[in-house]
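To start, the structure itself, in structure tokens.
The values are calculated or read from the model by the stated rules, or taken from the named source; none is laboratory data. None of the values given here were measured: they were computed from a predicted structure. Ideal geometry is used to build each Cβ from the backbone, glycine not excepted, and the neighbour counts take in all protein chains shown. The protein model used for the area step is the full one, side chains on, heavy atoms only, and it has no ligands, DNA or RNA in it. Shrake-Rupley method; radii C 1.70, N 1.55, O 1.52, S 1.80 Å.
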Amino acid sequence: MHQYLDSDGSGTSDQCVSSTIGAERLADATAWLKAHNFKGFLGEIGAGSNANCIAAVQGALCAMQQSGVWIGATWWAAGPWWADYFTSIEPPSGASIPSMLPQALLPFL
């Protein structure tokens, strides 16, 4: 499963729908996992590095952690080929390193 927090869920915009969209978009999958006694892994999550998106990612990861049914997630994207893509966490200067990484991702590692 992949989850991007922009308006069409494509990961092509650095603007998130709302600060709660991450948890909202995972709610149905979380309910399904619980109902069927399964565990889930979020293969990709990505969003812009602005206050609205940081809050949305924090909310998504917090909801996943509290649910008891998610075993983890991976951030999209890393690797030198992503250059200045807005979700890149490629060291040393990926666009998500200054804000998204310390504020929304590291607290869940």
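Could you tell me whether the range 77-88 includes any residue that is without any contact (Cβ under 8 Å) to a residue 40 or more places away in the chain and touching a Leu at 6+ places or on another chain (Cβ under 9 Å)?
No, because not a single residue in the range 77-88 is without any contact (Cβ under 8 Å) to a residue 40 or more places away in the chain and touching a Leu at 6+ places or on another chain (Cβ under 9 Å).
So which of ILE21, ILE71, ILE54 ends up being among the aliphatic types (A, V, I, L, M), at pLDDT 95 or above and out of contact with any helix residue (DSSP H, G or I) (no Cβ under 8 Å at 6 or more places or on another chain)?
Of ILE21, ILE71, ILE54, the one residue that is among the aliphatic types (A, V, I, L, M), at pLDDT 95 or above and out of contact with any helix residue (DSSP H, G or I) (no Cβ under 8 Å at 6 or more places or on another chain) is ILE71.
Can you tell me which of (1) open to solvent by less than 40 Å² (accessible area, probe 1.4 Å); (2) within 17 Å of LEU109 (Cβ to Cβ); (3) under 12 Å from the mean Cα position of the chain (by Cα); (4) not polar (S, T, N, Q) is the one TRP70 doesn't meet?
(3)
In the range 21-44, which residue that is in a loop (DSSP other than H, G, I, E, B) and not aromatic (Phe, Trp, Tyr) is farthest from GLY68 (Cα to Cα)?
Among those residues, the one meeting the criterion is HIS36.
Name every residue in the range 1-20 that is touching a strand residue (DSSP E or B) at 6+ places or on another chain (Cβ under 6 Å), surrounded by 15 or more Cβ atoms within 10 Å (Cβ to Cβ) and either of a type outside the set (S, T, N, Q) or over 25 Å from ILE71 (Cβ atoms) (or both), in order of residue number.
TYR4, GLY11
If TRP76 meets every condition in (1) closer than 30 Å to HIS36 by Cβ; (2) open to solvent by less than 40 Å² (accessible area, probe 1.4 Å) apart from one, which number is that one?
(2)
Considering only residues that are of a type in the set (Gly, Ala, Ser) and open to solvent by 50 Å² or more (accessible area, probe 1.4 Å), look in the range 79-109 and name the one that is farthest from SER13 (Cα to Cα).
Filtering the range 79-109 for residues that are of a type in the set (Gly, Ala, Ser) and open to solvent by 50 Å² or more (accessible area, probe 1.4 Å), the one farthest from SER13 (Cα to Cα) comes out as SER93.
How many of the residues in the range 43-54 are crowded, with 21+ Cβ neighbours inside 10 Å and over 11 Å from TYR4 (Cα atoms)?
Within the range 43-54, residues that are crowded, with 21+ Cβ neighbours inside 10 Å and over 11 Å from TYR4 (Cα atoms) number 2.
Output the number of the condition that VAL69 fails; it satisfies all remaining conditions of (1) in contact with a Leu (Cβ under 8 Å, 6 or more places away or on another chain); (2) under 20 Å from MET100 (Cα atoms).
Answer for VAL69: the failing condition is (2).
Quick check on my filter: what residues within the range 30-41 are closer than 11 Å to MET1 by Cα and surrounded by 18 or more Cβ atoms within 10 Å (Cβ to Cβ)?
Within the range 30-41, just GLY40 meets the criteria.
Of everything in the range 57-67 that's under 16 Å from ALA31 (Cβ atoms) and in contact with a helix residue (DSSP H, G or I) (Cβ under 6 Å, 6 or more places away or on another chain), which residue is most open to solvent (accessible area, probe 1.4 Å)?
This residue is ALA63.
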